[in-house]
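Notes follow the structure.
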Amino acid sequence: MNAALDTKEASAWRIRARQFLAPEFVTPAILLAPSILLLLVVIAYPMLQGFYFSFTDGLLMKSGDFVGIANYTKLLSQPAFWHSLRFSAIFAACNIVGCYLLGLGLALLLQMDMPGRGAFRVLLLLPWIVPSLVSIVSWRWMVNDERALFNQIITLFGGDPIFFLSDSNWAVTIVILIKIWRSFPFMMLSLLAALQSIDRSLYEAAAIDGATRWQSFWNVTLPQIKNISIVLCLLMTIWSVNDFDTPWLLAQGGPANATENLVVLAYRYTFARNDVGMGAATSFITLFVLMALVFFLLRLQRRS
Amino acid sequence: MASLSVQSVKKSYGTVPVLHGVDVEIKDGEFLILVGPSGCGKSTLLRMIAGLESITGGTIKIGDRVVNDLPPKARDIAMVFQSYALYPHMTVAQNMGFSLKLAKRPKAEIDAAVRKAADILALGSLLERTPKQLSGGQRQRVAMGRAIVRNPAVFLFDEPLSNLDAKLRVQMRAEIKELHQRLGTTIVYVTHDQIEAMTMADRIVVMHGGVVEQIGRPLDLYDRPANLFVAGFIGSPSMNLIEGEANGAGGFVAGDGAVLPLSGLKAPAGRDLVLGIRPEHLELAEAGTPGSIAGKVVVTEPTGSETQVTIRVGKTDLLALFHSRLDAEPGDEIHLRAMPSTMHLFDKASGRRLD
């Protein structure tokens, strides 16, 4: 009985082995091997390495000892961490809502037949095309101190100069606004493409059914762009939470830690405080938070 | 229900004229079909009636109300689109009830109207599905259901069957005709398919190049086409049109010199004419029968119920359609004749029918 089972199992193994050795499996495997290997080396290895670092007390110049989950427990007890988490959430939420409303509004405008539409489309893409260093530093010049462009305009109209980057409320506002300015073109372009793929006859049917413009926007346009909107929000979430350029180049996470998001915090731990373990732990918590959000949004999309 | 009146209606896009003044009077409860080749302006005219295109000139009246400047929803019409234009995210029931929902009617009333329309169209079991889960024919029916629910004064159909396969098209043709007999609502229907027009319409408007070529009942168009365009457009296979002139001795001399007997049909001599004979009106004759001509078989195309034969007379190819089986090989000589009452004469220059 047992022997019979063994031979049966053995033959099953042989069949599977034969499948793996068949040319239609071997050839693609050989062809794919170099790129899989490369991905393992440049993505999987650093990631696992970083994950290991988050359980050590290493320094930049010296690898440390295994300390278990000490970095994580310490991090969760830090007010600075909770502040960064909160700022990251506000930053991402404001950016998504701002970009979506601005992007959708402009996409609806650009979809209309009007002269100079092509030129507008190109101009509106510029904030997205300009390298972040160039655009953010230019913005900093415009809001930096009392003699910067914005303050000159304010004083011209008789107001008092505002210290945009020294006042924490203003700094948060400016960082968010500039992030929206930098990322709305992508939203606009994607939504424009989605709007243009909607069958025109749906609008005609809605007009005959008695829909006002608002009703046909609500009942035809929005449902038709719902899926792409969820995907765009997903991308915007990832890009906002992972954004280092905007808060760092504008205000170095300051004043104090007002504009310090999780990524800036991880950078601070690692390179300013020479604490690789805490830096890595911060990065991985960011990753977990993002994965949870992505999971939630993907489920939302699958359900529609 | 209402009559519909289209009075010298014009349409241009910028400086390009598309409709050059169209006049059609549609009676209450009539099934009127606009037919013509693509680009003839039939769909534009329908969309102008619907209010989806502005009217450059003229008047459109639904009932006794001028609707030129009314938005589509105020015209009391319903339209079935070529693409069906069903709202993809709504169920069949929601699609059909959408107009009533927008009109803020009570839910019970909407449900009852949807249920009634679904019963008429046998859609009862599909009410909770989305359009994606339906076949082409079912979508077509839902689109009609959406129109029925509104209980409009006029139904407008824009090439509704052109996305269906041939078999389903024949079936839907009968269903739409039955629907019209049942509801009795005025219908304006656009198609490029003359078979659809012939089989369904009370009256047909043949359009070409932005003008109306002829308006009439299907068999009137078939029996007495007013001009060369209608003669060639209505009927399948198309009418044989032979250019030539009358010789004054009861014969018609084709361009290549072949003489066809006119068998007593009166034709003015000395001007360029076109003789039209439908393929199904050519019949086989014994050699030597008065009024018959001889020709050589070029191609035979049997379909079972009928046989389509190309016959060369002189240098002119004639198409003949026989309902009997024909035992002939290419190259065989056969004799044909046509009754003078089934022949049509047109003036070549103006294209108008003579007589």
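The values are calculated or read from the model by the stated rules, or taken from the named source; none is laboratory data. Keep in mind the model is a prediction, meaning the values are calculated, not measured. Cβ placement follows ideal geometry from the backbone for every residue including glycine, while neighbour counts extend to all protein chains displayed.
All of (1) within 13 Å of another protein chain (Cβ to nearest Cβ); (2) in contact (Cβ under 8 Å) with a residue 40 or more places away in the chain; (3) assigned to a loop (DSSP other than H, G, I, E, B) hold for A:GLU260 with one exception: (1). Scanning the stretch B:183-198 for residues that are under 22 Å from B:GLN138 (Cβ atoms), surrounded by fewer than 18 Cβ atoms within 10 Å (Cβ to Cβ) and at pLDDT 90 or above gives a single hit, B:ASP193. Considering only residues in the stretch A:157-199 that are buried (at least 16 other Cβ atoms within 10 Å of the Cβ) and among the charged types (D, E, K, R), the one that is nearest to A:ALA89 (Cα to Cα) turns out to be A:LYS179. Among the residues of the stretch B:68-82, those identified as farther than 20 Å from B:VAL18 by Cβ and at the interface with another protein chain (Cβ under 9 Å from one of its Cβ atoms) are B:PRO71, B:LYS73, B:ALA74, B:ARG75, B:ILE77, B:ALA78. Quick check: anything in the stretch B:24-47 surrounded by fewer than 17 Cβ atoms within 10 Å (Cβ to Cβ), charged (D, E, K, R) and touching a residue at least 24 places away in the same chain (Cβ under 8 Å)? Within the stretch B:24-47, one or more residues are surrounded by fewer than 17 Cβ atoms within 10 Å (Cβ to Cβ), charged (D, E, K, R) and touching a residue at least 24 places away in the same chain (Cβ under 8 Å). Quick check on A:ARG147: is it surrounded by fewer than 13 Cβ atoms within 10 Å (Cβ to Cβ) and more than 14 Å from every other protein chain (Cβ to nearest Cβ)? When the stated conditions are applied, A:ARG147 passes them. For the stretch B:29-67, the set of residues classified as in a helix (DSSP H, G or I) and away from chain A (no Cβ under 14 Å) consists of B:LYS42, B:LEU45, listed by residue number. Checking the structure you have, find out if any residue of the stretch B:87-102 is surrounded by fewer than 20 Cβ atoms within 10 Å (Cβ to Cβ), more than 13 Å from chain A (Cβ to nearest Cβ) and of a type in the set (D, E, K, R). The answer is no, given that none of the residues of the stretch B:87-102 is surrounded by fewer than 20 Cβ atoms within 10 Å (Cβ to Cβ), more than 13 Å from chain A (Cβ to nearest Cβ) and of a type in the set (D, E, K, R). On the stretch given as the stretch B:335-352, residues that are closer than 14 Å to B:ILE277 by Cβ and within 27 Å of the chain's Cα centre (by Cα) total 9.
When residues in the stretch B:56-110 are screened for being among the β-branched types (Val, Ile, Thr) and in contact (Cβ under 8 Å) with a residue 40 or more places away in the chain, 7 of them pass. Tell me which helices (runs of 4 or more DSSP H) are completely within the stretch A:50-155 and hold 2 or more residues being farther than 19 Å from A:ILE180 by Cβ, or say none if there are none. Filter on the stretch A:50-155 gives A:70-76, A:79-111, A:117-129. Mind checking which residues of the stretch B:69-80 are in a loop (DSSP other than H, G, I, E, B) and either in contact with a Pro (Cβ under 6 Å, 6 or more places away or on another chain) or buried (at least 16 other Cβ atoms within 10 Å of the Cβ) (or both)? Residues satisfying the conditions are B:ARG75, B:ASP76. Candidates are the residues of the stretch A:75-100 that are within 14 Å of the chain's Cα centre (by Cα) and free of Cβ contacts under 8 Å to residues at least 60 places away in the same chain; the one that is nearest to A:SER229 (Cα to Cα) is A:VAL97. The residue list A:ALA251, A:ALA266 contains one member that is more than 14 Å from chain B (Cβ to nearest Cβ), among the hydrophobic types (A, V, I, L, M, F, W, C) and farther than 21 Å from A:LEU287 by Cβ, which is A:ALA251. Is the stretch B:265-277 home to any residue that is more than 23 Å from B:ILE234 (Cβ to Cβ) and either without any contact (Cβ under 8 Å) to a residue 12 or more places away in the chain or hydroxyl-bearing (Ser, Thr, Tyr) (or both)? No, there is no match, as no residue in the stretch B:265-277 is more than 23 Å from B:ILE234 (Cβ to Cβ) and either without any contact (Cβ under 8 Å) to a residue 12 or more places away in the chain or hydroxyl-bearing (Ser, Thr, Tyr) (or both).
Restricting the stretch B:112-164 to residues that are in contact with a strand residue (DSSP E or B) (Cβ under 9 Å, 6 or more places away or on another chain) and on the phi > 0 side of the Ramachandran plot, which is surrounded by the most Cβ atoms within 10 Å (Cβ to Cβ)? If you could, list the steps in order and put the result at the bottom.
We begin by selecting, within the stretch B:112-164, every residue in contact with a strand residue (DSSP E or B) (Cβ under 9 Å, 6 or more places away or on another chain); these are B:140, B:143-144, B:146-162.
In the following step, the residues that additionally are on the phi > 0 side of the Ramachandran plot were identified as B:151, B:159.
Numbers: B:ASN151: 16, B:GLU159: 20.
Going through the qualifying residues, I end up with B:GLU159.
Kindly evaluate B:SER83 against the criterion of being within 20 Å of the chain's Cα centre (by Cα), in a loop (DSSP other than H, G, I, E, B) and either outside the structural domain of B:ARG115 (by TED's automatic domain parsing) or among the polar types (S, T, N, Q) (or both). Spelling it out, B:SER83 is indeed within 20 Å of the chain's Cα centre (by Cα), in a loop (DSSP other than H, G, I, E, B) and either outside the structural domain of B:ARG115 (by TED's automatic domain parsing) or among the polar types (S, T, N, Q) (or both). The single residue among A:PRO23, A:PRO34, A:PRO28 that is free of Cβ contacts under 8 Å to residues at least 40 places away in the same chain and surrounded by 10 or more Cβ atoms within 10 Å (Cβ to Cβ) turns out to be A:PRO28. Could you check, for the stretch A:174-187, whether at least one of its residues is away from chain B (no Cβ under 14 Å), at pLDDT below 90 and assigned to a loop (DSSP other than H, G, I, E, B)? Among the residues of the stretch A:174-187, not one is away from chain B (no Cβ under 14 Å), at pLDDT below 90 and assigned to a loop (DSSP other than H, G, I, E, B), which makes the answer no. In this structure, A:LEU192 qualifies as at pLDDT 90 or above and either within 23 Å of A:ILE96 (Cα to Cα) or away from chain B (no Cβ under 11 Å) (or both). For the criterion of being within 23 Å of A:LEU222 (Cβ to Cβ), at the interface with chain A (Cβ under 9 Å from one of its Cβ atoms) and either part of a loop (DSSP other than H, G, I, E, B) or not polar (S, T, N, Q) (or both), B:ARG139 fails. Counting only residues that are without any contact (Cβ under 8 Å) to a residue 24 or more places away in the chain and not acidic (Asp, Glu), the stretch B:325-337 holds 1 of them. Are any residues in the stretch B:229-260 hydrophobic (A, V, I, L, M, F, W, C) and touching a Ser or Thr at 6+ places or on another chain (Cβ under 9 Å), and if so, which ones? B:ALA231, B:ILE242, B:ALA254, B:ALA258, B:LEU260 - these are the residues of the stretch B:229-260 that are hydrophobic (A, V, I, L, M, F, W, C) and touching a Ser or Thr at 6+ places or on another chain (Cβ under 9 Å).
In the stretch A:195-207, the residues that are more than 7 Å from chain B (Cβ to nearest Cβ) reach residues that are part of a loop (DSSP other than H, G, I, E, B) and surrounded by 16 or more Cβ atoms within 10 Å (Cβ to Cβ) with C-beta atoms within less than 8 angstrom, at least six apart or across chains, in these pairs: A:LEU195/A:ILE225; A:ILE198/A:ILE225; A:ALA206/B:TYR87.
Scanning the stretch B:298-334 for residues that are over 32 Å from the mean Cα position of the chain (by Cα) and surrounded by 11 or more Cβ atoms within 10 Å (Cβ to Cβ) yields B:GLY314, B:ALA328, B:PRO330, B:ASP332, B:GLU333, B:ILE334. Applying the criterion of being at the interface with chain B (Cβ under 8 Å from one of its Cβ atoms) and of a type in the set (A, V, I, L, M, F, W, C) to the residues of the stretch A:208-246, the residue that is nearest to B:LYS101 (Cα to Cα) is A:ALA211. Within this structure, B:ASP202 fails the test of being acidic (Asp, Glu), in contact (Cβ under 8 Å) with a residue 12 or more places away in the chain, under 21 Å from B:PHE98 (Cα atoms) and surrounded by 15 or more Cβ atoms within 10 Å (Cβ to Cβ).
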